[in-house]
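This report concerns only the one structure given below.
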Amino acid sequence: MTTTDVPATKQGATRQSAAERGVRKRGERSPLASAALHATLIVASVIAVFPVLWVLLTSIKPAKHAISTDFVKEPTLENYRYLVESTSFFTWFGNSVLVAGITTVLGVFIAATTGYAVSRFKFPGMKPLMWTLLVTQMFPMAILIVPLYNLMGDLGLLNQPLGLIITYLTIAVPFCAWMMKGFFDTIPVEIDESGRVDGLNPFGTFWRLILPLAKPGLAVTGFYSFITAWGEVAYASAFMVGDEHLTLAGGLQTFVTQYTSNWGAMSAASVLIAIPAAIFFLFAQRHLVAGMTAGATKG
């Protein structure tokens, strides 16, 4: 059978199939490009993992080898034993859990309610409110330490967990409220209307219908609020003094003085501090990407 005997439809299908194969071939990476991509990913992974690995290895080195370039030399758990037995690490840890936990709960609640109100309702001062939340993110933390310190002193909140919680909320809530507003914009308004038809008030609609659909956004808000309070150093060092009041961030600074630096104990503490953050991330990770993407679709 010659080519001219093939039906026109089959010839068209053959040409289309060949064209599709050509497109796929053109879209494929060359071996050189594939090798370069994998090499870049490997280098980026090494750069990302190396600091964490180096801190971990330093934490199991004896004091005399703490700043040596050897990866593993005379490994020991002495730094961890010193941290547990000779410092107030568990007191610092408890203070950090208290501050970070309350900051996370309050930050999620305030950001979610604020974002929902701005997304669904029109009220006087709405735009100035959102602009205020946005402008507060433009100020570096360093220039706010003195005015916040004076304010907390006037209110009697220095050296108090409540003062630190309020300070961290001023950092976490503005960003999270903007993000939650964008996330709530992606949820259909018809759900709110159906709630009102069923007799729910606005808060009941928010709590029973909208909030369960906002789990990805809540996960991102919770993670950001937790990390803000867990790893912050400047405010924790300025507002809290005394071993019984320090958080983990402030406690780490006690290992570095004008004359000595206990790098082994600091590294061991850093490893232990990272564990709760890693656990929190593992629980929230399946919602993080969806929440950050949804929150960025509308403003």
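For this structure, a couple of remarks:
- Looking only at residues of the range 126-139 that are in contact (Cβ under 8 Å) with a residue 12 or more places away in the chain and under 20 Å from the mean Cα position of the chain (by Cα), we find that the one that is surrounded by the fewest Cβ atoms within 10 Å (Cβ to Cβ) is Gln137.
- Condition met for Ser194 (part of a helix (DSSP H, G or I) and surrounded by 16 or more Cβ atoms within 10 Å (Cβ to Cβ)): no
- Filtered residue count, the range 222-273, keeping only those that are free of Cβ contacts under 8 Å to residues at least 24 places away in the same chain, of a type outside the set (Ser, Thr, Tyr) and more than 23 Å from Met152 (Cα to Cα): 5
- Residue within the range 94-105 that is at pLDDT below 90, under 23 Å from the mean Cα position of the chain (by Cα) and open to solvent by less than 30 Å² (accessible area, probe 1.4 Å) present: no
- Across the range 29-77, the number of residues qualifying as among the small types (Gly, Ala, Ser) and within 14 Å of Gly264 (Cα to Cα) comes to 4.
- Test: residue in the range 175-182 that is more than 30 Å from Tyr149 (Cβ to Cβ) and either part of a helix (DSSP H, G or I) or in contact with a Phe, Trp or Tyr (Cβ under 6 Å, 6 or more places away or on another chain) (or both): yes
- Checking each residue in the range 250-281 for being within 17 Å of Gly94 (Cα to Cα), among the small types (Gly, Ala, Ser) and open to solvent by 10 Å² or more (accessible area, probe 1.4 Å) picks out Ser270, Ala274, Ala277.
- If you go through the range 114-125 and keep only what is in contact (Cβ under 8 Å) with a residue 24 or more places away in the chain and open to solvent by less than 40 Å² (accessible area, probe 1.4 Å), you end up with Thr114, Gly115, Tyr116, Val118, Ser119.
- Qualifying position, being touching a helix residue (DSSP H, G or I) at 6+ places or on another chain (Cβ under 8 Å), of a type in the set (Ser, Thr, Tyr) and under 26 Å from Trp207 (Cβ atoms), among Tyr149, Tyr116, Tyr80: Tyr116
- When restricted to residues that are closer than 24 Å to Gly222 by Cβ and open to solvent by 40 Å² or more (accessible area, probe 1.4 Å), the range 140-187 contains 10.
- Every pair of residues 6+ apart whose Cβ atoms lie under 6 Å, when the first sits in the range 44-66 and is of a type in the set (Val, Ile, Thr) while the second is part of a helix (DSSP H, G or I): Val55/Ser267; Val55/Ser270; Thr58/Ser267
- Candidates Ile273, Ile279: the one that is part of a helix (DSSP H, G or I), modelled with pLDDT of 85 or more, under 28 Å from Ala66 (Cα atoms) and in contact with a Gly (Cβ under 9 Å, 6 or more places away or on another chain) is Ile273.
- Meets criteria (more than 24 Å from the chain's Cα centre (by Cα) and open to solvent by 30 Å² or more (accessible area, probe 1.4 Å)) for Gly199: yes
- When Tyr224 is tested against (1) over 20 Å from Thr104 (Cβ atoms); (2) open to solvent by 30 Å² or more (accessible area, probe 1.4 Å), exactly one condition is not met: (1).
- Residue within the range 190-208 that is small (Gly, Ala, Ser) and touching a residue at least 40 places away in the same chain (Cβ under 8 Å) present: no
- Phe183 farther than 28 Å from Gly251 by Cα, aromatic (Phe, Trp, Tyr) and in contact (Cβ under 8 Å) with a residue 12 or more places away in the chain: yes
The values are calculated or read from the model by the stated rules, or taken from the named source; none is laboratory data. None of these values were measured; they are calculated from a predicted model. Here Cβ is always computed from backbone atoms with ideal geometry, including for glycine, and neighbour counts include all displayed protein chains. SASA here: full protein model, heavy atoms, side chains in, ligands and nucleic acids out. Shrake-Rupley method; radii C 1.70, N 1.55, O 1.52, S 1.80 Å.
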